[in-house]
1. Under 17 Å Cα-Cα from residue 80, which aspartates and glutamates qualify once same-chain neighbours fewer than 8 residues away are excluded?
2. Once you have the Kirkwood Rh of the chain from its Cα pairs, apply Stokes-Einstein at 37 °C and 0.692 mPa s and quote D in µm²/s.
3. Grab the Cα-Cα distance for residue 45 and residue 95, subtract it from 0.36 nm times how many residues apart they are, and report the gain in nm with one decimal.
4. Of the candidates 55, 43, 13, which one comes out as most mobile in a Gaussian network treatment of the chain with C-alpha springs shorter than 10 Å?
5. Work out the length of the dipole vector of segment 1-53 about its Cα centre, built from +1 on the beta-carbon of each Lys and Arg and -1 on the beta-carbon of each Asp and Glu, and round it to the nearest 20 debye.
6. Whole-Hz Karplus ³J(HN,Hα) for segment 77-85, in order, using 6.51 cos²θ - 1.76 cosθ + 1.60 and θ = phi - 60°, x for Gly and Pro?
7. Quick one: dipole size for the chain, taken about the Cα centre, charges +1 on Lys/Arg Cβ and -1 on Asp/Glu Cβ, in debye to the nearest 20.
8. Among the lysines, which fall within straight-line cross-link reach of residue 102, defined as a Cα-Cα distance under 22 Å, with same-chain neighbours fewer than 8 residues apart omitted?
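Nothing in this text is a laboratory measurement; each read-out follows from the coordinates by a stated rule. Model, not experiment: these values are computed from the prediction. Note that we place each Cβ from the backbone using ideal geometry, even for glycine, and neighbour counts take in every protein chain shown.
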Amino acid sequence: MKVEFTDFAKAQLQNIYDYYSSVASDEIAAKIIDRILDETEHLERHPNLGSKEILLAELKKNHRYIVCGNYKIIFYANPKVIFVTDIFDCRQNPEKMVERNK
């Protein structure tokens, strides 16, 4: 299966990179992003990897997540494509994830 990032998820990756680039270094920021992207590659072969995201159940898309460091990689699959919809920092209030995925 093919993995695609929504525009929102791409923006989250950019925000993560920008933050770590400013508080640490470009190298650390790149390592964090690379690690997140590496985790999403597993989804190509295992689209049901991870746990169901119960906070997004009302959307009825069968959202799932995998954890990578401090981040939840939120995704759902249709028969041909896995859509990564959010990269959520688990140190935030979970209600924020619900609001931004509606």
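1. In chain and number order, the partners are 4, 41, 44.
2. On the way: Rh = 13.8 Å.
My calculation gives 237 µm²/s for D.
3. Details: separation 50, 0.36 × 50 = 18.00 nm, distance 3.03 nm.
Working it through step by step, the gained length comes to 15.0 nm.
4. Residue with maximal mean-square fluctuation among 55, 43, 13: 55.
5. Working: 6 positive and 11 negative charges, 36 e Å.
Result for segment 1-53 is approximately 180 debye, rounded to the nearest 20.
6. Rounded to whole hertz, the list is 10, 10, x, 10, 9, 9, 9, 8, 9.
7. Computed about the Cα centre, the dipole is about 460 debye.
8. 10, 52, 60, 61, 72
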